[in-house]
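What follows is one structure encoded as structure tokens, with my remarks underneath.
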């Protein structure tokens with residue numbers, strides 16, 4: 001285990017993805033996103049994903065030469081085609097478009113179609129928060145959860161995120177998947193040989209399991225039962241019906257090197273507070289709630305811990321197991 005700078009890790013990941021078949025721009029955009037996740041303490045969506053993405057590039061599940069482009073647009077809305085590539089260049093493009101349209105129309109809606117795994121949802125919204133925008137992110141993903149009463153995986157874990165900028169300090173940043181936990185946590189537990197708590201996953205027969213490998217072969221439990229499943233349904237329709245992307249049950253698992261090009265969809269929404277009650281009112285109202293929350297010393301602002309870890313990582317480097325570095329270099 002050794003400390004590595006963010007820049008050195010970005011370079012390592014970029015090299016690995018380029019060798020697997022990604023263009024330089026795609027590899028660099030993806031590397032920055034994965035290292036940013038690692039820098040915020042989210043290893044399940046960080047360096048551990050490099051091998052997965054590389055295998056998809058090599059097997060043809062991802063178009064390494066993809067260039068995102070606008071497929072349709074009208075006023076505050078735009079649809080970006082990811083061109084079957086890794087998601088991150090298309091997501092950067094879409095968020096920029098959403099911000100620009102929000103400046104003009106008060107709100108900007110950017111959908112992304114024919115895409116891939118988009119990593120940590122909240123990280124896509126940092127640019128919007130820095131631009132003073134309230135923003136939301138949604139994505140569907142390959143089938144991992146049953147519909148209420150169902151016996152087969154039909155909905156994805158379908159991550160959602162929101163950011164609310166503050167006048168001073170880091171933004172309120174909310175990020176969650178609609179399964180009890182993200183599938184990435186099972187992936188990490190399986191790699192490390194650890195059991196998972198009951199209530200995280202079901203095996204392929206629909207029975208609760210503590211074996212992460214059985215959970216990965218089976219189904220995830222929705223967060224909050226039926227309520228979580230209904231939120232997942234909402235995200236499926238939002239990210240697919242409006243963009244023409246593939247539903248969860250039409251996309252092969254991200255965890256397999258072989259399979260189809262997943263063609264999942266994402267949605268980014270940006271809102272300019274200055275166009276509504278105004279920035280002064282917006283910031284006053286946000287801080288009033290934050291102060292009320294922090295009056296209880298056990299409460300912390302969502303995203304604050306990730307922001308603190310990121311500051312430490314930027315200053316001190318990121319501790320990475322030697323085996324992971326060897327895998328990246330290989």
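When 62, 80 are screened for being modelled with pLDDT of 95 or more, in a strand (DSSP E or B), within 20 Å of the chain's Cα centre (by Cα) and buried (at least 22 other Cβ atoms within 10 Å of the Cβ), only 80 passes. Residues that are in a helix (DSSP H, G or I) and in contact with a strand residue (DSSP E or B) (Cβ under 6 Å, 6 or more places away or on another chain) within the range 115-127 comprise 121, 122, 124, 125, listed in sequence order.
Being under 30 Å from residue 198 (Cα atoms) and in contact with a strand residue (DSSP E or B) (Cβ under 7 Å, 6 or more places away or on another chain) holds for only one residue in 257, 304, 251, and it is 251.
Note on the range 88-104: residues that are surrounded by fewer than 24 Cβ atoms within 10 Å (Cβ to Cβ) and in contact with a helix residue (DSSP H, G or I) (Cβ under 8 Å, 6 or more places away or on another chain) amount to 3. Determine whether the range 1-12 contains at least one residue that is modelled with pLDDT under 95 and under 19 Å from the mean Cα position of the chain (by Cα). Looking for residues that are modelled with pLDDT under 95 and under 19 Å from the mean Cα position of the chain (by Cα), one finds none in the range 1-12, hence no.
Residue count for the range 128-157 satisfying the condition of being within 30 Å of residue 215 (Cβ to Cβ), assigned to a strand (DSSP E or B) and either free of Cβ contacts under 8 Å to residues at least 24 places away in the same chain or over 12 Å from the mean Cα position of the chain (by Cα) (or both): 5. Listed by position, the helices (runs of 4 or more DSSP H) contained in the range 158-267 that have at least 3 residues being at pLDDT below 90 are 183-192.
Evaluate the following for residue 111: is it surrounded by 20 or more Cβ atoms within 10 Å (Cβ to Cβ), under 13 Å from the mean Cα position of the chain (by Cα) and not in a loop (DSSP other than H, G, I, E, B)? Answer is no for this residue.
The values are calculated or read from the model by the stated rules, or taken from the named source; none is laboratory data. Predicted model, so just to flag it, every value in this text is computed and none were measured. As a convention, Cβ positions derive from the backbone with ideal geometry for all residues, glycine included, and neighbour counts pool all protein chains shown.
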